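Read-outs throughout are calculated quantities, based only on the coordinates presented, and are distinct from any laboratory measurement. Bear in mind that the values here come from a model prediction, so they are computed numbers and not experimental data. As a convention, Cβ positions derive from the backbone with ideal geometry for all residues, glycine included, and neighbour counts pool all protein chains shown.
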Amino acid sequence: MAASGVLTWLILAVFAPWLAPQDPFLVVGEGLVGPSWRHPLGTDLIGRDLFSGVLHGARTSATIVLGVAVIVIAIAFTVGLVSGYLGGIVDDIMMRIAEVFQVVPRFFLAIVAIAYFGSGVDRLIIILGLTSWSGLARVVRAETLSVRESAFVEAARLFGSGTFRTIFREILPNITPTTSAYLTLLLSRVLLLEASLAFIGLSDPSSISWGYLAGSSQAYLRSAWWIAVFPGLAILLAALSLTSLGDAIGRRE
Amino acid sequence: MTKYVLRRLIQVVPTVLGITLITFVLVHIAPGDPVEVLASGNGDEAYYEFMRAKYRLDDPFLTQLWTYVSNVLRGDFGTSYLTGESVVRTIMPRIGSTLLLAVSSIVISTLIGLAFGVLAAWRANRLLDKAMLRISVFLAAAPSFWIAQVLLLFFALRLGIFPTDGRNSPGFEGTGFAKAVDTLWHLMLPMSVLASQESSTIARLTRTGIVDQLGDDHIRLARAKGLGDLQVVLRHALRRSLPPVVTVIGGRVGHVFSGAVVVELIFGWPGLGRLILSSSQSRDTPVLLGVLMLIAAAVVLMNLLTDLSYMLIDPRVRLK
């Protein structure tokens, strides 16, 4: 049940080109026409179909969120597992580094990076991924610490399980629920961050995103409320789908 | 205690320097020549030479960094590439606006958040509590620009009870009290956007903190003395649930500043957020670095203040 929202989003993302009635970049009617049967969510300034734009936006946001997830998982789990399992000076150094990343103002750093390096889905994923992992790393570390001392880990070690094997076979499976609950919440924040960046004009010009669509509405708020309302609503629903999935995973625990 | 405060104050410096360094490196490894971007490709070779020499852009990276940092320590933040005006002069007039927006939304959201948190804890698991949980989940998932535009559409464009943009009405010439009222009127919508999201976070935390304590012995004693539910919550549970709430408020300052960028853009609020956007688009590096450093310092200082207020609320911290 809880996963249905995220699932819908992913299905829309994969099949957007077939589900969308129009090419989102194509001028298909008059500009700034309100919602109608022909254009369920209305058209934008130059007459592109907003419904098709919102469907394609699902694709862009899903790509970015999944891409960021890969980077965040890779860094956070490496740092958290190593830090929590080995402890000592390695732990100290890694946690200090994580702290620095926690204070870095992500949004501003992203603005600077994108303004100076140009915008693109790839660069967005990298900058958001590199600045978003620290919280998760701390959760992974804390969970690792609490599992490390348990009897089954002790037993595995007694039976000759090496560090690598113990981490992957004993610790990782036991910290997955809590950490994935945290991860989904983190991804919902990444989604909102990406949307804000696109809103202020820092999105990839070659792919349509929800934030970009909402941002383009600002100049025509007086005459075209639908361009402001619907893309934002899509972001809201996507973020809600992630948080409710996270809640469900957390409650199962 | 003075020692502790001093040590924490000294820690502020490397953090702010670190953030400056990251930005500095980022800006320098970026492709493209700032001078060419400034002239939008229209200048000639002599002009580029002149500009590069003027801003010493051909110096090695470390020399540039050293010059910059030592100038900053002397209070010189350089001049804007774009206007030639000093960075301090460019930033100064905008600080007040952003500060007004940020501080007012933090204060209001703290008051509202605490009040709603107490209400929710008092009525824990009843209708009011559940309704408030729904609302806060909704607010946390909504993009701030969406809330801003929906409020703008409804309250400014539809009902016309608030202005659409700016800090004062166009051509407004009043001073003193009249001007303050006019500013407040313009502030209401942008402030509400930032405050709505912050207050829902604070309310949830307050509620959880209080509810967690309701089973404790000191609460049972208070009840045994015959205090009513609301009195127990207000006089006994609230105080002890404050420290985590204060931490979160301090930690959210960065979030408020980020939110301010979007909100300032939508409501035409003349603050630092819009300056960051325009200076990063025009690659006006000195201005950009100056604003970022200011924000980093504000965020880190707020964290410090949070820790210090912690000591006032929770005497146990003082002993450590």
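For chain A, what is the calculated [θ] at 222 nm in deg cm²/dmol (nearest 500), taking -39500 (n - 2.57) for each run of four or more DSSP H residues and dividing by its residue count?
Values: 10 runs with 180 residues, N = 253.
That comes out to -24000 deg cm²/dmol.
Of B:ILE276, B:PRO243, B:HIS255, which is farthest towards the positive pole of the stretch B:234-285's charge dipole, taken about the Cα centre with +1 and -1 on the beta-carbons of Lys, Arg and Asp, Glu respectively?
The Cα lying farthest towards the positive end belongs to B:PRO243.
For A:ARG48, what residues show an amide H to amide H distance below 5 Å, using hydrogens built from the backbone and excluding near sequence neighbours?
Amide H neighbours of A:ARG48, under 5 Å, 5+ apart: A:VAL28.
Calculate one ³J(HN,Hα) per residue across the stretch A:193-199 by plugging θ = phi - 60° into the Karplus curve 6.51 cos²θ - 1.76 cosθ + 1.60, and present them in order as whole Hz with x for glycine and proline.
These are the phi-based 3J(HN,Hα) values: 5, 4, 4, 5, 4, 5, 4 Hz.
Taking the stretch A:141-251, how much of its Cα-Cα pair set, in percent, is spaced more than 16 angstrom apart?
Values: 4181 of 6105 pairs.
For the stretch A:141-251, the fraction of Cα-Cα distances above 16 Å is 68 percent.
Using the Karplus curve 6.51 cos²θ - 1.76 cosθ + 1.60 with θ = phi - 60°, work out ³J(HN,Hα) for each residue of the stretch B:63-80 in order, rounded to whole Hz, and write x for Gly and Pro.
These are the phi-based 3J(HN,Hα) values: 5, 4, 4, 5, 4, 4, 4, 5, 5, 4, 5, 8, x, 9, 9, x, 10, 5 Hz.
Looking at the stretch B:73-169, which trypsin sites (Lys or Arg not before Pro) are DSSP coil and have at most 16 other C-beta atoms within 10 Å of their C-beta?
Working: sites: B:ARG74, B:ARG89, B:ARG94, B:ARG123, B:ARG126, B:LYS130, B:ARG134, B:ARG158, B:ARG167; in loops: B:ARG74, B:ARG123, B:ARG126, B:ARG167.
Of the trypsin sites (Lys or Arg not before Pro), the ones in loops of the stretch B:73-169 whose Cβ has at most 16 other Cβ atoms within 10 Å are B:ARG74, B:ARG126.
Enter the per residue convex hull volume of chain A, computed from alpha-carbon coordinates, in Å³ rounded to the nearest integer.
Numbers: hull volume 34.3 nm³, N = 253.
Measuring per residue, one finds 136 Å³ for the Cα hull of chain A.
In the neighborhood of A:HIS39, defined by Cβ-to-Cβ distances under 12 Å, what is the net charge if each Lys or Arg adds +1 and each Asp or Glu adds -1? Please list the in-between numbers first.
Values: positive: A:ARG38, A:ARG48; negative: A:GLU30, A:ASP44, A:ASP49.
Result for the neighbourhood of A:HIS39: -1.
Quick check for me: using +1 on Lys/Arg Cβ and -1 on Asp/Glu Cβ, what's the dipole size of the stretch B:173-320 about its Cα centre, in debye to the nearest 20? Can you show the working numbers first?
Values: 15 positive and 11 negative charges, 127 e Å.
Rounded to the nearest 20 debye, it is 620 debye.
Determine the calculated [θ] at 222 nm for chain B from helices alone, applying -39500 (n - 2.57) to every DSSP H run no shorter than 4 residues and normalising by the residue count; nearest 500 deg cm²/dmol.
Working: 15 runs with 238 residues, N = 320.
One gets -24500 deg cm²/dmol as the mean residue ellipticity at 222 nm.
What FRET efficiency would be calculated for the residue pair B:ALA180, B:LYS54, taking the C-beta separation as r and a Förster radius of 56 Å, to the nearest 0.05?
Working: r = 42 Å, r/R0 = 0.76.
The value I calculate is 0.85.
Could you give each residue of the stretch A:171-176 its phi-based ³J(HN,Hα) in whole Hz, using Karplus coefficients 6.51, -1.76, 1.60 with θ = phi - 60°, and x for Gly or Pro?
Calculated HN-Hα couplings, in order: 7, 3, x, 7, 9, 4 Hz.
Count the net charge of all other residues whose Cβ sits under 15 Å from the Cβ of B:ARG204, scoring Lys and Arg as +1 and Asp and Glu as -1.
Details: positive: B:ARG123, B:LYS130, B:ARG134, B:ARG207, B:ARG252; negative: A:ASP247, B:ASP129, B:GLU198, B:ASP212.
My count for the surroundings of B:ARG204 gives +1.
Between A:ALA74 and B:LEU157, with labels modelled 7 Å along Cα→Cβ, what's the label distance in nm to one decimal, could you check?
About 4.3 nm separates the two model spin labels.
Nearest 0.05, what FRET efficiency do A:THR176 and B:ARG239 give at R0 = 56 Å with Cβ-Cβ as r? Don't jump to the answer; show the numbers that get you there.
Values: r = 38 Å, r/R0 = 0.68.
Result of the calculation: an efficiency of 0.90.
Per 0.36 nm of contour for each residue apart, how much would the distance between B:GLN64 and B:THR83 grow if the chain were fully extended, relative to their Cα-Cα spacing?
Details: separation 19, 0.36 × 19 = 6.84 nm, distance 2.09 nm.
Taking 0.36 nm per residue and subtracting the Cα distance, the gain is 4.8 nm.
Give the aspartates and glutamates reachable from B:LYS54 as a straight Cα distance under 20 Å; neighbours fewer than 8 places away on the same chain don't count.
B:ASP33, B:GLU36, B:ASP44, B:GLU45, B:ASP76, B:GLU85, B:ASP284
Work out the length of the dipole vector of the stretch B:1-95 about its Cα centre, built from +1 on the beta-carbon of each Lys and Arg and -1 on the beta-carbon of each Asp and Glu, and round it to the nearest 20 debye.
On the way: 9 positive and 9 negative charges, 191 e Å.
With only Lys, Arg, Asp and Glu charged at Cβ, the dipole is about 920 debye.
Where does the charge balance sit around A:GLY120 when Lys and Arg score +1, Asp and Glu -1, over other residues with C-beta under 13 Å from its C-beta? Don't skip to the end; give the middle numbers.
Details: positive: A:ARG123; negative: A:ASP122, A:GLU194, A:ASP204.
Local net charge: -2.
In whole Å, what three semi-axes, largest first, describe the equivalent ellipsoid of the protein assembly as shown built from its Cα gyration tensor (square root of 5 times each eigenvalue)?
Those come to 38, 31, 30 Å.
Please build a GNM for chain B, connecting alpha carbons under 10 Å apart, and tell me which residue among B:ASP284, B:ASP44, B:ASP76 fluctuates the most.
B:ASP44
Counting other beta carbons within 10 Å of each Cβ, put B:LEU128, A:LEU236 in order, fewest first.
Details: B:LEU128 14, A:LEU236 20.
Ordered from fewest to most neighbouring Cβ atoms within 10 Å, B:LEU128, A:LEU236 come out as B:LEU128, A:LEU236.
I'd like the GluC sites (Glu not before Pro) in the stretch A:140-202 restricted to DSSP loop residues with at most 11 other Cβ atoms within 10 Å, sorted by number. Walk me through the numbers before you get to the answer.
On the way: sites: A:GLU143, A:GLU149, A:GLU154, A:GLU170, A:GLU194; in loops: A:GLU149.
For GluC sites (Glu not before Pro) across the stretch A:140-202 that sit outside H, G, I, E and B with at most 11 neighbouring Cβ atoms in 10 Å, the list reads A:GLU149.
Taking the beta-carbon count within 10 Å as an exposure proxy, list B:LEU234, A:LEU186, B:LEU288 from fewest neighbours to most.
Values: B:LEU234 16, A:LEU186 22, B:LEU288 28.
So the residues, fewest neighbours to most, are B:LEU234, A:LEU186, B:LEU288.
To the nearest 0.05, what FRET efficiency results for A:SER36 and A:PHE15 with a Förster distance of 22 Å applied to their C-beta separation? Can you show the working numbers first?
Details: r = 24 Å, r/R0 = 1.09.
Once the sixth-power term is evaluated, E becomes 0.40.
Have a look at the stretch B:46-131 and give its Rg and Dmax from the Cα atoms, expressed in angstrom.
Considering the stretch B:46-131 through its Cα atoms, Rg and Dmax are 24.6, 74 Å.
Using a Gaussian network for chain A with springs between C-alpha atoms less than 10 Å apart, which of these wobbles most: A:THR131, A:THR176, A:THR163?
Maximum fluctuation in the GNM of chain A, among the listed residues, is at A:THR163.
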